[in-house]
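K.L.:
The structure that follows is given in the form of structure tokens.
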């Protein structure tokens, strides 16, 4: 049977890491965790799982750098890259085990994610299926480490898995706002790198055109309204991220 490694990067994930590890510990052969000097009990909890190997490093601004370190340290033919706030369901586990032992022709696979927000898993609004490439052959995939939302680059063909990965990225709205602050800061850096400057035309773009377009796309075209109030809130805050990033760009330019 083909063996599989799990690659995880962590930083202060004591509330998530146990749930993540419990979902894979019984059926994977190796778990590599690159920890960015967590200040909580993340490492202590992770060490309770015998298959875990901890690699300590710094917590880098581009977090994918630590994810790639974990990927590089894996030794088995197949790698499943997870975030600490993700959980492999039993059905997804069965699908992965069956797949890698069937000698597939593909070198990587997309996995659909269900995202938890305001007490429920969102099903519409462009939030689902939220596909991400997470399963691939060792040595045939890597993260470019340039953007927080980037996908793994796979050499060869990429297929699809049918079952979902559960994503508890936002257990509370306060947690969502913390992540939103980080992502809009990165978006502001991207705008700066694109030589976008604060002016009247860009003000209209980032305060009116882009937010309105995105809200209509998420809430109406992608039917975010099906998810009720959580769907409305997600569409709203997703749309105003452009305005927040523009404000941060303005702040950078004036400092």
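K.L.:
Tell me, in nm to one decimal, what length is gained between residue 181 and residue 209 on full extension, where the rule is 0.36 nm per residue of separation less the Cα-Cα distance? Don't skip to the answer; put the middle values down first.
P.N.:
Working: separation 28, 0.36 × 28 = 10.08 nm, distance 2.12 nm.
Contour length minus Cα-Cα distance gives 8.0 nm.
K.L.:
From largest to smallest, what semi-axes in whole angstrom does the range 111-192 give when each is the square root of 5 times an eigenvalue of its alpha carbon gyration tensor?
P.N.:
25, 20, 10
K.L.:
Assuming R0 = 35 Å, can you tell me the calculated FRET efficiency for the pair residue 229 and residue 192, based on Cβ-Cβ distance, to the nearest 0.05? The partial results should precede the final answer.
P.N.:
On the way: r = 35 Å, r/R0 = 0.99.
Efficiency, rounded to the nearest 0.05: 0.50.
K.L.:
With a ≥ b ≥ c taken as the square roots of the eigenvalues of the C-alpha gyration tensor of the range 130-169, please select rounded if a/c is under 1.5 and otherwise prolate if a/b is larger than b/c or oblate if it is not?
P.N.:
It comes out oblate by the Cα gyration axes.
K.L.:
Report the Cα centroid-to-centroid distance between the range 190-255 and the range 76-147 in angstrom, as an integer.
P.N.:
28 Å
K.L.:
While we're on this one: Given C-alpha coordinates of the range 100-142, what is the ratio Rg to Rh with the Kirkwood estimate of Rh?
P.N.:
Rounded to two decimals, Rg/Rh equals 1.14.
K.L.:
Further question on the same structure: Between residue 102 and residue 47, how high is the FRET efficiency from 1/(1 + (r/R0)^6) when r is the Cβ-Cβ distance and R₀ = 45 Å? Nearest 0.05.
P.N.:
0.85
K.L.:
Going by a ≥ b ≥ c, the root eigenvalues of the Cα gyration tensor, does the range 157-248 fall in the rounded group (a/c under 1.5), the prolate group (a/b larger than b/c) or the oblate group?
P.N.:
The shape class here is prolate.
K.L.:
Does anything in the range 106-148 have its amide N under 15 Å from the 7 Å Cα→Cβ label point of residue 163, and if so which residues?
P.N.:
111-114, 135
K.L.:
Oh, and also: Using semi-axes √(5λ) of the Cα gyration tensor in Å as the read-out, say which of (1) 25, 24, 18; (2) 30, 19, 18; (3) 33, 21, 18 was calculated from these coordinates.
P.N.:
Calculated semi-axes √(5λ) of the Cα gyration tensor in Å: the matching label is (3).
K.L.:
Something else: First measure r as the distance between the Cβ atoms of residue 25 and residue 112, then evaluate 1/(1 + (r/R0)^6) with R0 = 30 Å and state the FRET efficiency to the nearest 0.05.
P.N.:
Using R0 = 30 Å, I get an efficiency of 0.85.
K.L.:
Sticking with this structure for a sec: Please work out the ratio of the alpha-carbon Rg of the range 16-88 to 2.2 N^0.38 Å and round it to two decimals.
P.N.:
The reported ratio for this selection is 1.03.
K.L.:
Give me the number: length gained by fully extending residue 123 to residue 65, i.e. 0.36 nm times residue separation minus the C-alpha to C-alpha distance, one decimal in nm.
P.N.:
My answer for the length gained is 17.8 nm.
Each value in this text was obtained by applying a stated rule to the coordinates, not by laboratory testing. What you see is a predicted model, and the numbers here were worked out from it, not measured in a lab. Reconstructed Cβ throughout: ideal geometry from the backbone, glycine too, with neighbour counts over all protein chains shown.
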